[in-house]
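Okay, so here's the structure we're looking at.
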Amino acid sequence: MPLNKLSKEEITQSYNKYARWYDILEKIPEFLGINRIRKNLFRKASRDVLEVAAGTGNNLRHYPKDCKITLIDLSRAMLKIASRKARRQRLEVSIQEMDAESLEFPDDAFDTVVDSLSLCTLTQPVQALREMARVCKPNGRILLLEHGRSSNERLARWQDRKADKHAKRFGCNWNRNILGLVGEANLEVVSIKQYCFGVFQAIEVQPTNMSIEILRQQMSG
Ligand SMILES: C[S@@+](CC[C@H](N)C(=O)[O-])C[C@H]1O[C@@H](n2cnc3c(N)ncnc32)[C@H](O)[C@@H]1O
(Lines give C-alpha, C1' and ligand atoms only; values in the text may rest on other atoms or scores of the structure.)
Protein backbone atom coordinates (compact mmCIF):
# COMPACT_ATOMS: atom_id res chain seq x y z
CA MET A 1 0.00 0.00 0.00
CA PRO A 2 1.56 3.36 -0.95
CA LEU A 3 2.08 5.95 1.73
CA ASN A 4 0.17 9.19 1.43
CA LYS A 5 2.51 11.48 -0.48
CA LEU A 6 1.16 14.73 1.01
CA SER A 7 1.34 15.82 4.65
CA LYS A 8 -1.81 16.75 6.56
CA GLU A 9 -1.00 20.45 6.12
CA GLU A 10 -0.50 20.00 2.38
CA ILE A 11 -3.80 18.09 2.13
CA THR A 12 -5.63 20.90 3.96
CA GLN A 13 -4.04 23.56 1.77
CA SER A 14 -4.79 21.64 -1.37
CA TYR A 15 -8.49 21.19 -0.43
CA ASN A 16 -8.70 24.86 0.55
CA LYS A 17 -7.42 25.75 -2.90
CA TYR A 18 -9.45 23.17 -4.75
CA ALA A 19 -12.77 23.63 -2.85
CA ARG A 20 -14.50 25.74 -5.51
CA TRP A 21 -13.78 23.08 -8.15
CA TYR A 22 -14.75 20.09 -5.99
CA ASP A 23 -18.43 19.90 -6.94
CA ILE A 24 -17.59 20.37 -10.62
CA LEU A 25 -15.12 17.44 -10.52
CA GLU A 26 -17.69 15.47 -8.50
CA LYS A 27 -19.66 15.19 -11.79
CA ILE A 28 -17.34 12.28 -12.72
CA PRO A 29 -18.34 10.00 -9.78
CA GLU A 30 -21.91 11.31 -10.20
CA PHE A 31 -21.83 10.00 -13.77
CA LEU A 32 -20.78 6.61 -12.32
CA GLY A 33 -23.84 6.63 -10.04
CA ILE A 34 -22.35 7.87 -6.76
CA ASN A 35 -25.49 9.85 -5.83
CA ARG A 36 -27.66 6.75 -5.83
CA ILE A 37 -25.11 4.97 -3.62
CA ARG A 38 -24.99 7.99 -1.24
CA LYS A 39 -28.79 8.07 -1.07
CA ASN A 40 -29.19 4.33 -0.38
CA LEU A 41 -26.52 4.25 2.30
CA PHE A 42 -27.04 7.51 4.15
CA ARG A 43 -30.79 7.22 4.48
CA LYS A 44 -29.86 4.56 7.08
CA ALA A 45 -28.41 7.28 9.34
CA SER A 46 -30.37 7.97 12.50
CA ARG A 47 -30.62 10.49 15.35
CA ASP A 48 -27.27 12.13 16.26
CA VAL A 49 -25.07 11.95 13.15
CA LEU A 50 -21.37 12.86 12.85
CA GLU A 51 -19.92 13.11 9.35
CA VAL A 52 -16.11 13.23 9.29
CA ALA A 53 -14.11 14.75 6.41
CA ALA A 54 -17.46 16.00 5.16
CA GLY A 55 -16.04 18.26 2.46
CA THR A 56 -18.63 20.37 0.66
CA GLY A 57 -21.60 18.61 2.33
CA ASN A 58 -22.67 16.38 -0.54
CA ASN A 59 -24.40 13.92 1.81
CA LEU A 60 -26.55 16.51 3.59
CA ARG A 61 -29.61 16.02 1.42
CA HIS A 62 -29.55 12.24 1.92
CA TYR A 63 -29.98 12.16 5.71
CA PRO A 64 -33.44 11.60 7.18
CA LYS A 65 -34.94 14.97 8.10
CA ASP A 66 -35.09 14.24 11.83
CA CYS A 67 -31.31 13.67 12.16
CA LYS A 68 -29.18 16.09 14.17
CA ILE A 69 -26.10 16.60 12.01
CA THR A 70 -22.51 17.55 12.85
CA LEU A 71 -19.92 17.95 10.08
CA ILE A 72 -16.16 18.14 10.55
CA ASP A 73 -13.33 18.61 8.09
CA LEU A 74 -9.80 20.06 8.11
CA SER A 75 -10.50 22.38 5.19
CA ARG A 76 -12.22 25.67 6.02
CA ALA A 77 -12.98 26.36 2.37
CA MET A 78 -14.72 23.00 1.88
CA LEU A 79 -16.78 23.56 5.05
CA LYS A 80 -17.77 27.04 3.91
CA ILE A 81 -19.47 25.48 0.87
CA ALA A 82 -21.09 22.83 3.11
CA SER A 83 -22.45 25.59 5.35
CA ARG A 84 -23.95 27.39 2.32
CA LYS A 85 -25.60 24.13 1.21
CA ALA A 86 -27.04 23.53 4.69
CA ARG A 87 -28.55 27.04 4.68
CA ARG A 88 -30.01 26.52 1.21
CA GLN A 89 -31.53 23.20 2.33
CA ARG A 90 -32.81 24.87 5.55
CA LEU A 91 -30.90 22.41 7.70
CA GLU A 92 -29.54 23.24 11.10
CA VAL A 93 -26.07 21.73 11.08
CA SER A 94 -23.13 22.08 13.45
CA ILE A 95 -19.94 22.57 11.41
CA GLN A 96 -16.43 22.48 12.88
CA GLU A 97 -12.85 22.46 11.65
CA MET A 98 -11.39 19.31 13.15
CA ASP A 99 -9.02 16.44 12.45
CA ALA A 100 -10.79 13.11 11.81
CA GLU A 101 -7.77 11.34 13.26
CA SER A 102 -8.13 13.09 16.61
CA LEU A 103 -11.81 13.88 17.20
CA GLU A 104 -12.67 16.37 19.94
CA PHE A 105 -15.84 14.53 21.01
CA PRO A 106 -16.39 12.28 24.03
CA ASP A 107 -16.77 8.49 23.73
CA ASP A 108 -20.17 7.14 22.61
CA ALA A 109 -21.43 10.58 21.52
CA PHE A 110 -23.16 9.72 18.22
CA ASP A 111 -25.71 7.20 16.94
CA THR A 112 -24.30 7.24 13.40
CA VAL A 113 -20.83 8.14 12.14
CA VAL A 114 -20.34 8.69 8.42
CA ASP A 115 -17.35 8.93 6.13
CA SER A 116 -17.43 9.14 2.36
CA LEU A 117 -14.62 9.13 -0.19
CA SER A 118 -12.03 10.15 2.41
CA LEU A 119 -10.24 7.01 3.62
CA CYS A 120 -8.16 7.41 0.43
CA THR A 121 -6.98 10.86 1.57
CA LEU A 122 -6.51 10.54 5.31
CA THR A 123 -2.87 10.19 6.38
CA GLN A 124 -3.80 7.66 9.10
CA PRO A 125 -7.01 5.97 7.94
CA VAL A 126 -6.94 3.21 10.58
CA GLN A 127 -6.56 5.78 13.36
CA ALA A 128 -9.51 7.72 11.89
CA LEU A 129 -11.64 4.53 11.81
CA ARG A 130 -10.77 3.85 15.45
CA GLU A 131 -11.75 7.40 16.33
CA MET A 132 -15.08 6.93 14.49
CA ALA A 133 -15.65 3.78 16.58
CA ARG A 134 -14.76 5.58 19.81
CA VAL A 135 -17.30 8.39 19.32
CA CYS A 136 -20.00 6.00 18.03
CA LYS A 137 -22.40 4.49 20.56
CA PRO A 138 -21.82 0.72 21.04
CA ASN A 139 -25.14 -0.09 19.36
CA GLY A 140 -24.65 2.63 16.71
CA ARG A 141 -23.56 2.36 13.08
CA ILE A 142 -20.59 3.58 11.06
CA LEU A 143 -21.54 4.09 7.40
CA LEU A 144 -18.68 4.19 4.91
CA LEU A 145 -18.85 4.96 1.21
CA GLU A 146 -15.31 4.61 -0.05
CA HIS A 147 -13.30 4.06 -3.18
CA GLY A 148 -10.26 1.80 -3.28
CA ARG A 149 -8.46 -1.01 -5.08
CA SER A 150 -10.75 -2.71 -7.60
CA SER A 151 -11.79 -6.35 -7.25
CA ASN A 152 -11.03 -6.67 -10.98
CA GLU A 153 -7.34 -7.68 -11.14
CA ARG A 154 -6.62 -5.91 -14.44
CA LEU A 155 -8.10 -2.64 -13.26
CA ALA A 156 -6.44 -3.07 -9.85
CA ARG A 157 -3.01 -3.55 -11.44
CA TRP A 158 -3.54 -0.39 -13.52
CA GLN A 159 -4.50 1.49 -10.32
CA ASP A 160 -1.31 0.14 -8.67
CA ARG A 161 0.86 1.35 -11.55
CA LYS A 162 -0.58 4.90 -11.42
CA ALA A 163 -1.04 5.07 -7.62
CA ASP A 164 2.20 6.86 -6.71
CA LYS A 165 1.81 9.61 -9.29
CA HIS A 166 -1.86 10.08 -8.37
CA ALA A 167 -1.08 10.23 -4.62
CA LYS A 168 1.71 12.77 -5.14
CA ARG A 169 -0.55 15.00 -7.21
CA PHE A 170 -3.85 14.73 -5.34
CA GLY A 171 -3.05 13.13 -1.95
CA CYS A 172 -5.56 10.43 -2.93
CA ASN A 173 -4.37 6.83 -2.50
CA TRP A 174 -6.80 5.21 -4.89
CA ASN A 175 -5.61 1.64 -4.46
CA ARG A 176 -6.06 1.33 -0.71
CA ASN A 177 -7.61 -1.94 0.49
CA ILE A 178 -10.65 -0.48 2.23
CA LEU A 179 -11.86 -3.72 3.83
CA GLY A 180 -8.28 -4.35 4.99
CA LEU A 181 -8.27 -0.96 6.76
CA VAL A 182 -11.63 -1.73 8.39
CA GLY A 183 -10.18 -5.06 9.55
CA GLU A 184 -7.02 -3.39 10.89
CA ALA A 185 -9.22 -1.09 12.95
CA ASN A 186 -10.97 -4.20 14.32
CA LEU A 187 -14.41 -3.07 13.22
CA GLU A 188 -17.15 -5.53 12.48
CA VAL A 189 -18.63 -5.39 8.96
CA VAL A 190 -22.42 -5.72 9.02
CA SER A 191 -22.99 -5.39 5.26
CA ILE A 192 -21.06 -4.50 2.15
CA LYS A 193 -22.10 -3.60 -1.39
CA GLN A 194 -19.64 -3.14 -4.22
CA TYR A 195 -20.04 -1.02 -7.36
CA CYS A 196 -18.01 -0.29 -10.52
CA PHE A 197 -15.79 -3.41 -10.40
CA GLY A 198 -15.45 -3.08 -6.64
CA VAL A 199 -13.90 0.38 -6.86
CA PHE A 200 -16.76 1.88 -4.83
CA GLN A 201 -17.87 0.16 -1.64
CA ALA A 202 -20.79 0.92 0.66
CA ILE A 203 -19.95 -0.61 4.02
CA GLU A 204 -22.03 -0.73 7.16
CA VAL A 205 -19.88 -1.25 10.21
CA GLN A 206 -20.46 -1.80 13.89
CA PRO A 207 -17.98 -0.39 16.41
CA THR A 208 -16.55 -3.23 18.49
CA ASN A 209 -15.26 -3.06 22.02
CA MET A 210 -11.91 -4.32 20.79
CA SER A 211 -11.21 -1.29 18.55
CA ILE A 212 -12.19 1.13 21.32
CA GLU A 213 -9.96 -0.72 23.76
CA ILE A 214 -6.96 -0.44 21.39
CA LEU A 215 -7.53 3.31 21.03
CA ARG A 216 -7.84 3.82 24.81
CA GLN A 217 -4.57 1.91 25.32
CA GLN A 218 -2.85 4.11 22.69
CA MET A 219 -4.13 7.28 24.34
CA SER A 220 -3.00 6.25 27.81
CA GLY A 221 0.37 4.93 26.58
C1 LIG B 1 -12.33 13.61 -1.43
S2 LIG B 1 -12.92 14.74 -0.24
C3 LIG B 1 -14.43 13.96 0.26
C4 LIG B 1 -15.45 14.96 0.71
C5 LIG B 1 -16.83 14.39 1.06
N6 LIG B 1 -16.74 13.43 2.14
C7 LIG B 1 -17.53 13.77 -0.12
O8 LIG B 1 -17.99 12.63 -0.03
O9 LIG B 1 -17.67 14.46 -1.15
C10 LIG B 1 -11.82 14.44 1.11
C11 LIG B 1 -12.03 15.39 2.30
O12 LIG B 1 -11.24 14.91 3.40
C13 LIG B 1 -10.79 16.05 4.12
N14 LIG B 1 -9.70 15.61 5.00
C15 LIG B 1 -8.49 15.10 4.65
N16 LIG B 1 -7.78 14.76 5.75
C17 LIG B 1 -8.58 15.04 6.82
C18 LIG B 1 -8.43 14.89 8.23
N19 LIG B 1 -7.32 14.37 8.77
N20 LIG B 1 -9.44 15.29 9.02
C21 LIG B 1 -10.58 15.83 8.51
N22 LIG B 1 -10.77 16.00 7.18
C23 LIG B 1 -9.79 15.61 6.35
C24 LIG B 1 -10.41 17.03 3.03
O25 LIG B 1 -10.29 18.35 3.51
C26 LIG B 1 -11.58 16.83 2.05
O27 LIG B 1 -12.64 17.71 2.33
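The values are calculated or read from the model by the stated rules, or taken from the named source; none is laboratory data. What you see is a predicted model; the values in this text were computed from it and never measured. As a convention, Cβ positions derive from the backbone with ideal geometry for all residues, glycine included, and neighbour counts pool all protein chains shown. These accessible areas exclude ligands, DNA and RNA; they are computed on the full protein's heavy atoms, side chains included. Shrake-Rupley method; radii C 1.70, N 1.55, O 1.52, S 1.80 Å.
Per residue, what accessible area does the chain have, given a 1.4 Å probe and all protein chains present, in Å²?
Averaged over the residues of the chain, the accessible area is 51 Å².
With a threshold of 30 Å on the Cα-Cα distance, the entries Lys80/Lys168; Lys137/Lys193; Lys27/Lys80; Lys8/Lys137 are all at or under it. Directionally averaged projected area (the stretch 70-196, Cα convex hull): 8.8 nm². Mind listing which trypsin sites (Lys or Arg not before Pro) in the stretch 1-82 are in a DSSP loop and have 16 or fewer other Cβ atoms within 10 Å? Answer by residue number: Arg43, Lys44, Arg47, Lys65. Anisotropy class assigned to the stretch 8-220 is rounded, per the alpha carbon gyration tensor with a/c under the 1.5 cut-off. First compute the accessible area of the chain with a 1.4 Å probe, then give the percent of it belonging to carbon and sulfur atoms. Percent of accessible area from carbon and sulfur atoms in the chain: 51. In the chain, the calculated helix contribution to ellipticity at 222 nm averages -13000 deg cm²/dmol per residue, counting -39,500 (n - 2.57) for every DSSP H run with n ≥ 4.
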